[in-house]
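> Once you've had a glance at the structure underneath, I'll fire off some questions.
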Amino acid sequence: MMILGLVRWMQPVHGYDVRRELLSWSADKWANVQPGSIYHALRKLTEEGLLRAVATEQVGARPARTTYEVTPKGEDEFETLLRNLWWNISEPADPFVAAFSFLPAMPRAEAAAALRNRANLLRAGIESMRASLESDWVRNRKPAHVGWMFELWSARAEAEMSWCERIAERIDSGVSYLPAELDEAQGWSGWKDGEVPSGTDTE
């Protein structure tokens, strides 16, 4: 959606300018748009009839640049994707959640330390976002909604930071990872602190 939307916004536009704009947004960090995949995505969207190549030009020895526009089919697809993401909740995959599901495989002291370290990293990120919000770059040289996105990221990071610190304290307290009724139940007997049940594939 990001590439389709940017072409729609900037058209007619070269792939180079789409790439430069996405990098200026740091979209590789929060939208899973990798710089190396942008030209491939433009070609694929063209093959699917969502974009059309309107011109290809070459200046001197520089690589040829193709200019793109959105087709009527691409307009419809962008509108569908945009409203689906606005009106629905989509949970992004978080590798940390996969790791946390194997909490008992970590020694308690290390798990608590790792959570506090994660909280410190989040705190540093929050401070950076707050500084950005107060900067001239956001206040005077970006649309208002860019600052609002920084506020969203900051609020999410603050919530996770508090959660990390709270769970680290619970782990340090020695609270059991298993409810009493599961302690000796079949399939859970090996799920003790610092152990993964035998035969469990963690990959």
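Bear in mind these aren't lab numbers, they're just calculated from the coordinates by the rules spelled out. Just so we're clear, the structure is a prediction, and the values are computed from it rather than from any experiment. Note that we place each Cβ from the backbone using ideal geometry, even for glycine, and neighbour counts take in every protein chain shown.
> Counting just the Cα atoms, what span does the range 58-125 cover along each of its three principal axes? Round to the nearest Å and put the largest first.
Between the extreme Cα coordinates on each principal axis of the range 58-125 lie 59, 41, 24 Å.
> Just to confirm the filter: which trypsin sites (Lys or Arg not before Pro) across the range 105-169 are DSSP coil and have at most 16 other Cβ within 10 angstrom of their Cβ?
R141
> Here is a further query. Mind checking the full-extension length gain between W9 and D172? Use 0.36 nm per residue of separation minus the Cα-Cα distance, one decimal, nm.
Between W9 and D172, full extension yields 53.5 nm more.
> At q = 0.11, 0.15, 0.20 Å⁻¹, what is the log10 ratio I(q)/I(0) for the range 33-174, with the Debye formula run over Cα points and no solvent?
With no solvent term, the Cα-only Debye profile gives -0.74, -1.01, -1.18.
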